[in-house]
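Asks: The following block contains the structure, expressed as C-alpha cells.
The values are calculated or read from the model by the stated rules, or taken from the named source; none is laboratory data. Keep in mind that what you see is a predicted model, and the values were worked out from it rather than measured. Methodologically, a virtual Cβ is constructed for each residue, glycine included, from the backbone with ideal geometry; neighbour enumeration extends over all protein chains shown.
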C-alpha cells in the first residue's frame, strides 16, 4: 500500500485513542487515526462497533462499504464504472468476466453496489 499511496500510514494518533469511548476499546485506535487524518467517515463492515453517538461529536460517521460505494457511484458513476471494468479486465490468472467480478463483490456483502453496477452496465440480474 505504501508504494501505491504515499501518505497511507497515519501516525501521531496514539494520545487521541484514550479520548474515544467505544464498545470495544480495541477499536479506539481506528477512530483516533481517522481524527488525526481528518476523515469524515470510517468505512467498515462492523458499523455497530462505531456507534453514531460516539462519532457524532467528532463530526464523523461509520459507513458500511456497500453504502459508501453506492454513494461513490451516485457522485461519479462514469469513474466508478471505468475502475470496475478496468479491474475486471486486469484479472488474468484466471481471467474473470465483469459479471463474475460482480458476483464476487455481491458474495462479499456489496449487495446494493452490485445491483446498481449491474443496472448501469446493463447486465440485468
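Asks: Please determine whether any residue of segment 36-43 is without any contact (Cβ under 8 Å) to a residue 24 or more places away in the chain, out of contact with any helix residue (DSSP H, G or I) (no Cβ under 9 Å at 6 or more places or on another chain) and part of a loop (DSSP other than H, G, I, E, B).
Replies: The initial filter retains those residues of segment 36-43 that are without any contact (Cβ under 8 Å) to a residue 24 or more places away in the chain, namely 38-40, 42.
Within this subset, residues satisfying the condition of being out of contact with any helix residue (DSSP H, G or I) (no Cβ under 9 Å at 6 or more places or on another chain) are 38.
Okay, now just the ones that are also part of a loop (DSSP other than H, G, I, E, B), so 38.
Within segment 36-43, one or more residues are without any contact (Cβ under 8 Å) to a residue 24 or more places away in the chain, out of contact with any helix residue (DSSP H, G or I) (no Cβ under 9 Å at 6 or more places or on another chain) and part of a loop (DSSP other than H, G, I, E, B).
Asks: Within segment 13-28, track down each residue that is touching a residue at least 12 places away in the same chain (Cβ under 8 Å) and under 14 Å from residue 46 (Cβ atoms).
Replies: 22, 23, 24, 27
Asks: Of all the residues that make up segment 67-125, how many are outside any helix (DSSP H, G or I) and either under 16 Å from the mean Cα position of the chain (by Cα) or on the phi < 0 side of the Ramachandran plot (or both)? Before the answer, list the steps.
Replies: If we filter segment 67-125 for residues that are outside any helix (DSSP H, G or I), which is where we start, we get 76, 91-97, 108-110, 122-125.
Retained after the next criterion (residues that are either under 16 Å from the mean Cα position of the chain (by Cα) or on the phi < 0 side of the Ramachandran plot (or both)): 76, 91-97, 108-110, 123.
Summing the residues that are outside any helix (DSSP H, G or I) and either under 16 Å from the mean Cα position of the chain (by Cα) or on the phi < 0 side of the Ramachandran plot (or both) in segment 67-125 gives 12.
Asks: Looking only at segment 5-24, decide whether some residue is surrounded by fewer than 17 Cβ atoms within 10 Å (Cβ to Cβ), at pLDDT 95 or above and touching a helix residue (DSSP H, G or I) at 6+ places or on another chain (Cβ under 6 Å).
Replies: no
Asks: Show the residue pairs that are 6+ apart or on different chains and have beta-carbon atoms under 8 Å apart, the first residue being within segment 69-97 and closer than 12 Å to residue 113 by Cβ, the second being not in a helix (DSSP H, G or I).
Replies: Final answer for the pair search is 69/110; 71/63.
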